[in-house]
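The structure under discussion appears below in the form of structure tokens.
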Amino acid sequence: MIPTSKVFQTLLLAVGLQLSCAAPGWCDLGTFGSLGQEQAAEKNELEDMRNEMNDIKSITKHAVSDLNKINTKDAKNNAREFHLICKEGSIEVFPGTKVNCLTYNGHIPGPVIRVQEGDLVRVVVHNQMHTATSLHFHGLVLPQSVDGLPRRDGGLVRPNDTYSYQFVAQPAGTYWYHPQIVHSDEKVQGMYGALIVDSKDSVPDEDFVLILGELDAIVPGNSASGTAHAAHAPAPDSEAAPASTWTAVTPTKFANFTGNKRIFYLVNGQSAPAIPPIEVVQGKKVRLRFINASQRAVPIHLSGHKLEIVNINGEPIQSQGSRDTVDIGPSDRVDVQFTADNPGVWSLGSELYEQTNNEGKFPGGIALVVRYVDASTR
Ligand SMILES: [Cu+2]
């Protein structure tokens, strides 16, 4: 049934045309011209609408196909699910010395998220802190909805909220996660972890993940700032017992702080001499995946061996020769490999004095041991 209004409009149009021809005063080209233009404009508008509809249809089709792919994967393999609980914590960087910091699951670094290339991954963030947070998967190229800047309707995790990030892990490589740039004050206080996407075909014999970090720490309430307090400031050479509990702060707060402060350099959340040794078996190919979560470059050297760079920031490196020292810039991921062909006990660490000493005492910071063990003891 045709709606009455439509019939009425059609009738009016017909009448209008008749009138314009019947009355010479109305019958000018202008009237016909504007009517023609109007119809042409309407036609164009319809055409535009049709094109827009086609665009929308195609976008919807792609979105549905993407969703179907994810659903099928989900139904087939189930997503690999990981939970990150953001909370304050206290870590023992070496025996007797603790740093209050921000953590994933109470540790620095957060848990290693290790998956196979092509896996559907779900990372559920639970925020138990007093401030909002977010998550960035450094090195992966993901859709805006998963890894874009945090927004009210996505990616922002307020205190006491939970948020799920879901994506397909590809390509294989070494990545890391930490809060987005807007929450980088949380990253520098300890919130980061490794994300390893394993390749189905190339698996090294031995594979170690080493996250280099730093905590800029102060002893709160121990500030000697301002001339008014100068009389109460501890003498620079005072022999006061070293503080055993520190608090991680942002580099800005650290720079402006005038009290007791120091930088702890870390490997997987610990400083030498507490970093456990890397144990290797003679004849094996050993991969070390370095992720630099600190604020400065770390020149890494392994004694007794040559390091071969196999991947820099996700780009496979085809035989560049071997190196004595590999410089790892802030935020960089560098995979190196060596052949365990020189039995003994060796040092692996930074070449910089300040990164391998704790207030002048060696070993400290980024320094650990690589030692050979019998295959039977593994
Ligand atoms: Cu990053």
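Computed from the coordinates by the stated procedures, all read-outs in this text should not be read as laboratory data. Note that the structure is predicted; figures quoted are calculated from it, not measured. A quick note on method: Cβ atoms are made from the backbone with ideal geometry, for glycine too, and the neighbour counts reach across all protein chains shown.
Just a few scattered comments:
- Cross-link check: pairs Lys306/Lys361; Lys187/Lys361; Lys98/Lys253; Lys284/Lys361 evaluated at a Cα-Cα cut-off of 22 Å; pairs beyond the cut-off: Lys306/Lys361; Lys187/Lys361; Lys284/Lys361.
- Distance between the 7 Å Cα→Cβ label points at Ser322 and Ala41: 7.8 nm.
- Neighbour counting of Cβ atoms within 10 Å sorts the residues His183, His301, fewest neighbours leading, into His301, His183.
- At full extension, Ala375 and Thr250 could sit 40.6 nm farther apart than now, given 0.36 nm per residue minus the alpha carbon distance.
- Aspartates and glutamates whose Cα lies under 18 Å from that of Lys43, excluding same-chain neighbours fewer than 8 positions away: Glu52
- All aspartates and glutamates inside 20 Å of Lys87 as judged from Cα atoms, apart from same-chain residues fewer than 8 positions distant: Asp161, Asp185, Glu186, Glu214, Asp216
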